[in-house]
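A short worksheet on the structure shown next.
The values are calculated or read from the model by the stated rules, or taken from the named source; none is laboratory data. Keep in mind that what you see is a predicted model, and the values were worked out from it rather than measured. Cβ sites come from the backbone with ideal geometry, for glycine too, and all protein chains shown count toward neighbours. When the accessible area is computed, the model is the full protein with side chains, heavy atoms only, and any ligands, DNA or RNA have been set aside. Shrake-Rupley method; radii C 1.70, N 1.55, O 1.52, S 1.80 Å.
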Amino acid sequence: MASSLIYSLVRVLVELIAVGRSDQGKLQAEVLALRRQVQVLERQIKRVRWSLGDRMIMVALRERLPR
């Protein structure tokens, strides 16, 4: 559990660094957030339950998402 959370956080941080501040970067961040949402939905078909790792990733991406 802890290793998968650490891996997820490292991956997101690396991708956020690569994203930059451009419009293209905002689109990439939105895609990352949507991919994570899909992963959560695939795990919990009946009811979505966000794990701590899912919440942490969404918070990290929130700053990059268009309002």
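Observations, loosely collected:
- Scanning the stretch 40-60 for residues that are closer than 18 Å to residue 13 by Cα and either touching a strand residue (DSSP E or B) at 6+ places or on another chain (Cβ under 6 Å) or open to solvent by 60 Å² or more (accessible area, probe 1.4 Å) (or both) yields a count of 4.
- Of all residues in the stretch 24-32, none satisfies being modelled with pLDDT under 75 and open to solvent by 70 Å² or more (accessible area, probe 1.4 Å).
- Cβ pairs under 9 Å, 6+ apart, first in the stretch 1-15 and part of a helix (DSSP H, G or I) and of a type in the set (Ser, Thr, Tyr), second open to solvent by less than 90 Å² (accessible area, probe 1.4 Å) and at pLDDT 75 or above: 4/53; 8/36; 8/53; 8/54; 8/56; 8/57
- Conditions (1) at pLDDT below 75; (2) part of a helix (DSSP H, G or I); (3) basic (Lys, Arg): number failed by residue 46: (2)
- Close pairs from the stretch 37-48: first under 16 Å from residue 59 (Cα atoms), partner β-branched (Val, Ile, Thr), Cβ under 7 Å, at least 6 apart: 40/48
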